[in-house]
1. With the condition kept exactly as written, say whether any residue in segment 116-129 is among the polar types (S, T, N, Q) and not in a strand (DSSP E or B).
2. Looking at Asp183, is it touching a residue at least 60 places away in the same chain (Cβ under 8 Å) and surrounded by fewer than 17 Cβ atoms within 10 Å (Cβ to Cβ)?
3. Taking the condition of being touching an Asp or Glu at 6+ places or on another chain (Cβ under 9 Å), part of a strand (DSSP E or B) and of a type in the set (A, V, I, L, M, F, W, C), how many residues in segment 135-160 meet it?
4. Hey, Ala129 hits all of (1) over 14 Å from the mean Cα position of the chain (by Cα); (2) touching a residue at least 60 places away in the same chain (Cβ under 8 Å) but one; which does it fall short on?
5. Which residue, of Glu110, Glu176, Glu163, is assigned to a helix (DSSP H, G or I) and not polar (S, T, N, Q)?
6. Just need a number here: residues in segment 52-102 that are in a helix (DSSP H, G or I), touching a strand residue (DSSP E or B) at 6+ places or on another chain (Cβ under 8 Å) and modelled with pLDDT under 95.
7. May I ask you to list the residues in segment 2-46 that are among the polar types (S, T, N, Q), over 17 Å from Phe96 (Cβ atoms), modelled with pLDDT of 95 or more and not in a helix (DSSP H, G or I)?
8. When the residues of segment 61-81 are filtered to those that are acidic (Asp, Glu) and under 18 Å from Phe40 (Cβ atoms), which remaining residue is surrounded by the most Cβ atoms within 10 Å (Cβ to Cβ)?
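The values are calculated or read from the model by the stated rules, or taken from the named source; none is laboratory data. In this text the structure is predicted, and so the values were computed from the model without any measurement. Backbone-built Cβ (ideal geometry, glycine too); neighbour counts: all protein chains shown.
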Amino acid sequence: MILLINACVRSDSRTKQLADHLISKMNDKVKEVKLEDISFPKADESFLKKRDMYASSGDFSADMFQLARDFASAEEIIVSAPFWDLSFPAVLKQYFEQINVVGLTFRYNENGIPVGLCKAKRLFYVTTAGGRIFNEEYGYGYIKALAECFYGIKECVLFKAEELDIIGADTASIIERAKAEIDQFIKQ
């Protein structure tokens, strides 16, 4: 199963168009998590105590762990997130706070080093930007670090289309080039 984490809010999102193109090239069932439709719980002391209680007993059957269970069991993951204010939409950070669960998506070894428990072989990060993405570390880099260092996902791939809103930009050509990069990657 492919897990699509959709952080796009616009109905005509260029980022979502690229993610849909990627999905069309893959042969698997897709489960979409549309982040704008989720009311994330407040991560206050009460919530954390409850989560820690379940986690310490190894009981991840509660509804509060559904997102983490889906993430841990996905065979491939696509994060579709526009580049906003030098990063990604805040709701994506909330999502990762919810799925970052010791004992479910990762564990610590005897030396305190995270060991991934996720099944995914690859994580694709799809993004678009009206301007330039000056440093990939602000958005993609954060997600890549989580995937590799905590969740055990060894292959992270970035697909991007940038400078889409620059005066005189040929937006359609930029999007087509990004789609061609996706096509080329999938053929490998």
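1. Going through segment 116-129, the residues among the polar types (S, T, N, Q) turn out to be 127-128.
Within this subset, residues satisfying the condition of being not in a strand (DSSP E or B) are none.
No: zero hits.
2. yes
3. Counting residues in segment 135-160 that are touching an Asp or Glu at 6+ places or on another chain (Cβ under 9 Å), part of a strand (DSSP E or B) and of a type in the set (A, V, I, L, M, F, W, C) gives 3.
4. (2) is the only condition that Ala129 fails.
5. Glu176
6. Number satisfying all stated conditions: 1.
7. Answer for segment 2-46, where residues must be among the polar types (S, T, N, Q), over 17 Å from Phe96 (Cβ atoms), modelled with pLDDT of 95 or more and not in a helix (DSSP H, G or I): just Ser13.
8. Asp70
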